[in-house]
Structure formats: structure tokens, C-alpha cells
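The values are calculated or read from the model by the stated rules, or taken from the named source; none is laboratory data. Fair warning: this is a prediction, and the values are worked out from it, not measured in the lab. All Cβ positions, glycine included, derive from the backbone under ideal geometry; neighbour counts span all protein chains shown. Protein only, heavy atoms only, side chains kept; ligands, DNA and RNA dropped before computing areas. Shrake-Rupley method; radii C 1.70, N 1.55, O 1.52, S 1.80 Å.
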Amino acid sequence: MLTEFSTLALEVLTSPWLLGLGVCATLLGIILGALPGISSTMTLAVLLPFSFSMSPHVAMIFLIGAFYGSVYGGSISAILLNIPGTPGSMVTQLDGYPMARRGDAGQALTYALMASTIGGLFGIVGLMLFAPILAEAAFAFQSPEYAVIMVFGLSMLAYASPGSTYLGIMSGILGLALGMVGLDVVTNLSRFDFGIHRLQGGINIIPFAVGIFGLAEVLRLLEKPLDSDRSASRIVSLWPSIGQIAARFGTAIRSSAIGLLVGIIPAAGSAVAVSISYAQEKKLFGKRETFGDGNPRGIVAAEAGNNACVGGALIPLITLGIPGDTMTAVLIGALLVHGLRPGPDLFVEHPDFIASIYVALALTVLVTFLLALPLMRVFARLLSVPPRILHVGVLILCVTGSYAVQNALFDVLLMIFFGGAGYLLAKVGVPTAPIMFGLVLGPVLEENLRRTMIVYGDWSVFLTRPICAAMLAVTVLIIAFPLITALRQRLTPT
Amino acid sequence: MSRAGATGKPARRHKAGQAAGGDEERRPALAELLAGGAFAGIALVGMTSLANNEYLELGRTGSDPGPGFVPWIALTVLLIGGVGHILIVLRRALVHGGFRAADGGFSPARLWMPGLMLLSLVAYQAALRPFGFLSASIAFAIVWVVILHWRSGEGLCARHVVQLPAEGVALAVGVYLIFRHGIQVPLP
């Protein structure tokens, strides 16, 4: 793997086209991530169609560049406008905005950038260390283990999604049913096509993701009058002293480790990573320092955790095919479009592709660090783009991107349908991200479940194989946990 | 000791007020019922589709549980879960004296603009083939740039008559150039 990594790294660094693409993708990601209302998932979903004409390696450089860039970009609007660009930067604003208010916006952005870089590097190292180990272990898995892992992943993803756990699990099952639309791979029988021939090919992940994460978000923003008055704080000085930076180095390391570990857990996601990182630092320094009023340590903790999480979330994606969060669920869609199925086989059949993921992440961390400092004032100015341009631009991209998947207008209609449905479901309190997870994992679950039954012919196989039994037990606990908690609360005398 | 404390009456009233407020908070929103209804409704539609195909009935072909197996399980759980959610919400409403007055984030009055957007998107999609991508996108973009400008509360002045359509045209042409000539997508 190291050979592939160094060969590809050399290729990228000596190719002006690849290097330029990496730089453009990262810049695009930073800009879109910084714009309020455009989440990292939306950024990825909208930019995904641009990668269709690229080879898988080049597509990864483009998509991971945009992914990581948008994660960092989220901190810019959090610090300058007090509006988190992405869910992962919601904690950054707690200390970032007060710093900006007292005239230290530039320093706050520099702290965020440095912490992001350390977190990003931690993520790369963690990805390169843990992914091969997990993939090696996954080689021992057969269809029963895969079936159970999919159930486990789906339960975790539904459980950890924001909002009601019960509705999250129901959403995951809805996604699972949506994954069954189209021709069955074994018998070639069509399911849920309602007489529409186009549905026999199944629901394409890309129009679905663009609708549910792109269009639904714009629809939500349209409910209220648009706020076009965004006066960002001015950036005066950028550099804190070396002593100030060194004093927060430990925080960056601790938070990066937390972000990486949380990222590996399917669905835990960046919001959980930053919350734990921040809480940990508050616990350690809460007696000596105050948090929430412009403490650089708070920014460092949040940003290091947020960016380390990116590398962590890629681990279950490439080793088991389980998305770590909504962003990696969209990335799975990209892999499938390019004919690649995530899982341990990727390490044997396409080691060069795995290397391209490592190189893409390393490149984007480097590019972000080198470009963000000189361009910080430009990013700040971009925050004043009128929302009308932003929203209409996103909408045309949603339509064009959905069409571009298969050059089919039907996909545009699907995107509009799922955008509207996702918006309405979110309005009645149903978390929509688990639907995407179900759609991605459902077909894999069904295939492995039926293969298990065909090969073993008996349900007891799920209880007699130790990994299956252990994972099933954990899954049952995950599903039962909210019920047990509710029961305990009811039984506890007030 | 204060008078209120001596008589106990105002204190009781305060407590009762708190309980009423607490109950109001505990009351479910009507939208929660819709969530359960949506799941149950989707499950019923899916089940109808499965039931209309005799090959998708439950039953094994050898040891293969068949193409209807996972869909039937998923829809059954969805139906039971949806109905269960409705019952839970109704029970909460019964215990806490009805539904919450303010319905959280769900308000039908706020849906008109998103609804208009969805309708215009369907029209935009339908116009793509007969009118071509560029013309349809320019029309869609100009209309929505103007609507969103109005929605932002900024007034209209003479320069906007040129600026807003120009923004719409620039957006549509920009996307067209990137997709048609940049990544070679054969747009309609």
C-alpha cells in the first residue's frame, strides 16, 4: 500500500492538472462550506455530478477535496457571522464569534485553521493505520456477518441521527424499503415499480441525495424571509504569538484523537465529535479558564475534533461499506457510480484506489493550510453573496446534477419528489438522513441475507457464528436502549 | 413570612400555572401524528404494490426466502411502527389534555413558498425537453432571482431591472457552460 501511496502522491504532485483539480475542489469546498445554509453533505451532493466524467482516482481527489474543504469552511461563517456553515462547526462559534466580536477574528480563524490541519493529519494517519487492519479482519466475514453488520450499521445510523430515535429507526426501514425498488438481482422480478418502467432500475442514490440534502434544505430556507444583511467581522491581525499557539497544542492532539475515534463509529458524525472534544477540554481547563466567551482553546478543540472525524468516517466506508455519516453516504453513491463497491475487496482489487483516497485527503489538508491563510480575507468577503444567487444557483445545480447521472429527465423528477418528501418528513419531525443510510445499505443487506439462507438454509446460523451473535446482541441493545431509558425514567420516583 | 406564604393561595395558583405550562409542553404536536400516518400510509401503498404481484408473495423457492421477503418485513415493521407511533401520540394527547397549540416547526401557512418552488421545479423539468436547457433554466432563474430578491425585503430600484435578470442569465449560462462544455454532459 505504501508503494501505491508514494507512486500516486508523486503522480499528483507532478501533474499540474491533478494538483489544480485538488486546489480547485478544496477552494470550492471551503467557499460552499463557509456559506450559511450550505452543509458539507449538500456541497458533496451538488458537486458529485462533476465527478462523473473523471476516473475513480481523479474523482476521489475532487470529492474528498470538496468534502474536507467544506468541513473547514464551516468554521469561517461560524466565527465571522455566528452561523455555523456545517453541523460540525456549531461548537466553533461558541468561542469563535466572541473572539471576532472583540476584534480577534483573524486570530480565531488562524486557530481554527491550525487545529483543522492537526485534526486532518490525525485523520490521515488514523485512516492509513486502522483501515488496513479493519479490512484484514473483514476478510474473515462471510454473508451472515455482512448481513448482520448491515443491520448493525443501519441501527447505529438511525440511533445516532438527530431527532427521535424511534422515528430515526423507522426512517432507516423506509430507506431499506426504497432500496428494494426495482428488479430483484436473483429472480429479475420487479418490485414497487407501480407500472413505471423507469423505476425497474431502482432509485439512483444521486438524485435521491441531491433531493433530500440539497433541494429539501433550500425549501426549508424559503419558509422565512431571506436575510441578506450579513456584515462579517473585519479581519485585522492573523497571527497569535508562538507561546499562545504552543499552549493549545495539547488540546489539538487530544481533540484530534477523540474526533478520529468518534468518526470511526458509524453515524456518530462530526457534531458528536466536536461536542465530546469541547466537553473534554472544558472538563480539563474549566477551573482555570472560562469557555464560551472567546477562549481559543474552545475553537481548537472543536476544529481539531471536527476535521479528524473526516479521516475516521472514511474507515468504515472503505473497509465495510458502511457510511460513517451523511457525507460518506453520498461518497458511497460516488463509488457506486464509478463501478466500485466499498468493502475489504477494494484493498486487494484496487489498492491504487485506496491509495488515491489517502493521497486526496493528504493533499487537501495541505492545500487548505497553504491557501486558507492568504485567502482568509477573500473568504470573509464571499460571505456577503446575496442568498438569492446562492439558492437559485444551488437549485439549477440540483436539476442539472440529477439529470447528468444517466442523462434522464426522470431522475430530475425523482430528485424533486424526494426533495419535497424529505422536506415534508423533516417538517413533521422525521429525521431524513437514515432514509439515505437505508437506501445505501438495504440492497447489500438483502443480498447477504438471502445468500446466507441459500447457503446455510437455517436462521440459527446468525446465533451460532460468534461475530454475528455478538453484533446482533449489540444491535438489540441499541434498539432497546431508548425503551429502557424511558422505562427507567418512568420508574424513578420524582 | 410573606402574605402569600401565609395563606398559601397564590403559591398554589403559581403551582397550578406551572403544571398547566408543563402540560402544554408535554402535549404532542399534531405534526407528530402526521409522522406516524406517513409511515403507515407508505407501508400500505407498498403492501398494495407487493400484494398485486403473485410472484412477490411470501414463500420460499428452495432455500431462498424470495424477492418479497425483505420488502414484506420492512413494510410490516413500517406499518406497525407507524400505527404504534400514532397510538403513542394519541395516548400522550389524552393524558396531557389535547394537542399543543403551537405546532413547533410545522405550520401550513409557511408552506406556500416551498410549495410554489416545487411546482415551478416540475414545470422547469417539463420545459427542459421542449424548450432546451438554456432557455428553460434562464426563465426559471430570472423568475426565482426576482422572487427571492423581493423575499429578502430589499426594495426595487432602477438598477435592479437590469441586475436581477442579468444574475439569472449568468447563473443559467454558467451552469450550462460547466456541464455542457466542461464535463461534456449532453444537456437537452
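Among the residues that make up the range A:432-444, is at least one of them without any contact (Cβ under 8 Å) to a residue 60 or more places away in the chain and among the β-branched types (Val, Ile, Thr)?
no
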(request) At least 3 residues that are farther than 20 Å from residue A:62 by Cα and among the small types (Gly, Ala, Ser) in each: list the helices (runs of 4 or more DSSP H) lying fully within the range A:287-360 that qualify. (result) A:296-320
(message) Suppose we keep only residues that are under 20 Å from the mean Cα position of the chain (by Cα) and surrounded by 14 or more Cβ atoms within 10 Å (Cβ to Cβ) within the range B:90-103. Which one would you say is modelled with the highest pLDDT?
(response) B:100
(request) Could you pull out the residue among A:6, A:15 that is out of contact with any His (no Cβ under 8 Å at 6 or more places or on another chain), of a type in the set (Ser, Thr, Tyr), open to solvent by less than 30 Å² (accessible area, probe 1.4 Å) and farther than 24 Å from residue A:218 by Cα? (result) A:15
(request) Would you confirm whether any residue within the range B:106-122 is surrounded by 14 or more Cβ atoms within 10 Å (Cβ to Cβ) and assigned to a loop (DSSP other than H, G, I, E, B)? (result) yes
(request) Among the numbered conditions (1) closer than 23 Å to residue A:403 by Cβ; (2) more than 15 Å from the chain's Cα centre (by Cα), tell me where residue A:45 comes up short. (result) (2)
(request) Scan the range A:450-466 for residues that are open to solvent by less than 70 Å² (accessible area, probe 1.4 Å) and of a type in the set (A, V, I, L, M) and jot them down. (result) A:453, A:461
(request) Can you give me the number of residues within the range A:18-30 that are buried (at least 22 other Cβ atoms within 10 Å of the Cβ) and of a type in the set (Val, Ile, Thr)? (result) 2
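Being among the aliphatic types (A, V, I, L, M) and open to solvent by 60 Å² or more (accessible area, probe 1.4 Å) is the filter here; which residues of the range A:254-271 pass it?
A:261, A:265
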(message) Condition first: charged (D, E, K, R) and under 10 Å from the mean Cα position of the chain (by Cα). Now tell me which residues in the range A:315-347 satisfy that.
(response) A:325
(request) Give the residues of the range A:467-494 that are surrounded by fewer than 12 Cβ atoms within 10 Å (Cβ to Cβ) and not aliphatic (A, V, I, L, M), sorted by residue number. (result) A:485, A:488, A:489, A:490, A:492, A:493, A:494
(message) Among the residues that make up the range A:307-314, is at least one of them among the aliphatic types (A, V, I, L, M), open to solvent by 10 Å² or more (accessible area, probe 1.4 Å), modelled with pLDDT of 85 or more and within 18 Å of the chain's Cα centre (by Cα)?
(response) no
(message) With the requirement that a residue be open to solvent by less than 50 Å² (accessible area, probe 1.4 Å) and facing another protein chain (nearest Cβ under 7 Å), what does the range B:141-167 give you?
(response) B:141, B:144, B:145, B:148, B:149, B:151, B:152, B:167
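Condition check: closer than 30 Å to residue A:440 by Cβ, surrounded by fewer than 21 Cβ atoms within 10 Å (Cβ to Cβ) and either in contact with a Cys (Cβ under 6 Å, 6 or more places away or on another chain) or within 14 Å of chain B (Cβ to nearest Cβ) (or both). Does residue A:390 satisfy that?
yes
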(message) For the range A:161-204: of the residues being among the hydrophobic types (A, V, I, L, M, F, W, C) and open to solvent by 60 Å² or more (accessible area, probe 1.4 Å), which is nearest to residue B:80 (Cα to Cα)?
(response) A:194
(request) Filter the range B:168-187 down to residues that are surrounded by fewer than 16 Cβ atoms within 10 Å (Cβ to Cβ) and within 9 Å of chain A (Cβ to nearest Cβ) and give me whichever is modelled with the lowest pLDDT. (result) B:183
(message) Residues to consider are A:370, A:363; find the one that is farther than 30 Å from residue A:219 by Cα, away from chain B (no Cβ under 11 Å), assigned to a helix (DSSP H, G or I) and open to solvent by 30 Å² or more (accessible area, probe 1.4 Å).
(response) A:370
(request) Could you check how many residues of the range A:59-110 are open to solvent by less than 10 Å² (accessible area, probe 1.4 Å) and part of a helix (DSSP H, G or I)? (result) 33
(request) Only residues in the range A:465-483 that are under 15 Å from residue A:149 (Cβ atoms) count as the first member; pair them with residues that are aliphatic (A, V, I, L, M), Cβ under 7 angstrom, at least 6 apart or cross-chain, and list the lot. (result) A:468/A:148; A:469/A:463; A:471/A:148; A:471/A:149; A:472/A:148; A:475/A:151; A:478/A:156
